[in-house]
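A short worksheet on the structure shown next.
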Amino acid sequence: MTETAPAAAAPRVTAAATFTTRSPATGERLAEYPVHGPEDVSRVVARARTTQAGWAALPASRRRELLLRWKKAIADDLDTVAATVARETGKPAGDAALEVVLTLEHLAWAARNASRVLGRRRVRTGLFTVHQRASLVHRPLGVVGVIGPWNYPLYTPMGSIGYALAAGNAVVFKPSELTPGTGVLLAELFDSTAPEHAGLLTTVTGAAATGDALVRSGVDKVAFTGSPGTARKVMAVCAETLTPFLAECGGKDAVIVTADADLEAAADAIVWGALSNAGQTCAGVERVYAVREVHEELCTLVVEKARALRTGAGADAAYGPMTLPGQVAVVERHVSGAV
């Protein structure tokens, strides 16, 4: 088994401007991060492209080993990672810890199954090519740009980061400007795990302009999570260069309750699905359809369970504050409209 030569230290990416993150719960200042512009992002992408060549040349078994080592580093530092998520999003500590655990499952599956899913396989030939052989081979794309959300700043982007790395790609990650610390910590843990591949996963920070710079930087694919409106804008930029684009956007999620349903279980699922993570979930419960026979009893149960919830940052809190301040007005509009 061969090792790649140790990579030179990743270049320091500096930025003239900075921005400050604040606690959604208290408004207090958390940290300051650089606003990475087009030149900064281009340097990072160029570095990632150089590093990716050595990563792609590794045997799949070696990439698996390093990714599982990274998973262990995240698990070993679970309290620190969860605390960072909780500080930046406002979600209770238990919810943040659960997000880290789910992230570990994402990464473990990618590491352990990439070789099987992407391995060379024979393809049947047709009547006129019976004397020929054909096989399907997957090649890494190169550098994948990942733009992550603020509601699940670790779990959701790992659905792109982990799989891109497992397939032999490098990743440049642009987290939400509300949760940059989570993205920075993720890349730092990777570098500490695989210092010989420093620069393979790099986090750039900033708001929409930084994301735009990443999309225009020449990356070989873009994975985006966010609103449909922003997805359309990102898709339009990708279309200019025919850059492959993957989007995960919000939905309108319904629960259907039938006459023979377990109403206690249904009410539990509805309240949890609608209010967990302060309702800031793309697959959260937004509508409930119940047949007439059970409608009144179900409503009573939902109200009872919702009234029992506690908000805040304490150990007994069911959910925390809105992470995005502007969402408060959106929720108020929905409530007043319903009333």
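Using amide H atoms built 1.01 Å from N in the peptide plane, name the residues 5+ places from Glu248, or on other chains, whose amide H lies under 5 Å from its own.
Phe224, Thr225, Gly226
Sort out for me the Cα centre separation of segment 68-95 from segment 147-178, rounded to whole Å.
Value for the Cα centre distance between the two parts: 15 Å.
Which helices count as membrane-span-like in the chain under these terms: full DSSP H, at least 15 Å along the axis by C-alpha, Kyte-Doolittle mean of 0.0 or more?
Values: long enough: 38-57 (29 Å, -0.37); 60-76 (24 Å, -0.78); 78-89 (16 Å, 0.33); 93-118 (36 Å, 0.58); 155-166 (16 Å, 0.61); 180-193 (20 Å, 0.61); 228-241 (20 Å, 0.21); 263-275 (18 Å, 1.31); 292-307 (23 Å, -0.39); 327-338 (17 Å, 0.38).
Span-like helices in the chain: 78-89, 93-118, 155-166, 180-193, 228-241, 263-275, 327-338.
Which peptide among 69-78, 326-335, 205-214 comes first, and what is the full order, when sorted by highest mean count of other Cβ atoms within 10 Å? Kindly include the intermediate steps, with their values, before the conclusion.
Values: 69-78: 16.8, 326-335: 10.9, 205-214: 21.0.
Going by the mean number of other Cβ atoms within 10 Å, highest first, we get 205-214, 69-78, 326-335.
Whole number in Å², please: accessible area per residue of segment 116-219, 1.4 Å probe, ligands, DNA and RNA not counted.
On the way: 4380 Å² over 104 residues.
Ligands and nucleic acids excluded, the result is 42 Å² per residue.
If you compute semi-axes √(5λ) of the Cα gyration tensor in Å for the structure shown, which of (i) 38, 27, 20; (ii) 115, 40, 21; (iii) 32, 28, 20 do you land on?
(i)
So how far apart, in nm, are the two label points at Gln327 and Ala17 if each is 7 Å from Cα heading toward Cβ?
Each label point lies 7 Å from its Cα, and together they span 2.5 nm.
Within 10 Å, count the other beta carbons around each residue, average over each peptide in 89-95, 109-115, 45-51, and list them highest first.
89-95, 45-51, 109-115
Subtracting the Cα-Cα distance from 0.36 nm times the residue separation, let me have the gained length for Ser135 to Ser227 in nm, one decimal. Walk me through the intermediate numbers first.
On the way: separation 92, 0.36 × 92 = 33.12 nm, distance 3.89 nm.
Computed gain between Ser135 and Ser227 is 29.2 nm.
Sort Lys174, Lys305, Lys233 by accessible area with a 1.4 Å probe, largest first.
Numbers: Lys174 10, Lys305 50, Lys233 145 Å².
So, going from the largest accessible area down, we get Lys233, Lys305, Lys174.
Over all directions, how big on average is the projection of the convex hull of the alpha-carbon atoms in segment 219-294, in square nanometres? Let's see the in-between values first.
Working: hull surface 26.7 nm².
Orientation-averaged projected area of the Cα hull: 6.7 nm².
What's the center-to-center distance, using Cα atoms, between segment 229-270 and segment 283-326 in Å?
19 Å
Which whole-number percentage describes the relative contact order of segment 65-220, with Cα contacts under 8 Å and a sequence gap of 6 or more? Present the calculation step by step, with values, prior to reporting the outcome.
Working: 235 pairs, mean separation 37.8, N = 156.
Relative CO of segment 65-220 lands at 24 percent.
Counting only residues 5 or more places away or on other chains, whose amide H sits under 5 Å from the amide H of Gly218 once H atoms are built in the peptide plane?
none
Excluding Met235 itself, what net charge comes from residues whose Cβ is under 14 Å from its Cβ, given Lys and Arg +1 and Asp and Glu -1? It would help to have the intermediate numbers written out before the result.
Working: positive: Arg216, Lys221, Arg232, Lys233; negative: Asp212, Glu240, Glu248.
So the environment of Met235 carries a net charge of +1.
Output the relative contact order of the chain, whole-number percent, from Cα pairs under 8 angstrom with separation of 6+ residues. Let's see the in-between values first.
Working: 598 pairs, mean separation 65.8, N = 339.
It comes to 19 percent, rounded to a whole number.
The values are calculated or read from the model by the stated rules, or taken from the named source; none is laboratory data. Everything quoted here is computed from the prediction, not taken from an experiment. As a convention, Cβ positions derive from the backbone with ideal geometry for all residues, glycine included, and neighbour counts pool all protein chains shown. Note: accessible area is taken over every heavy atom of the protein model, side chains too, but ligands, DNA and RNA are not part of it. Shrake-Rupley method; radii C 1.70, N 1.55, O 1.52, S 1.80 Å.
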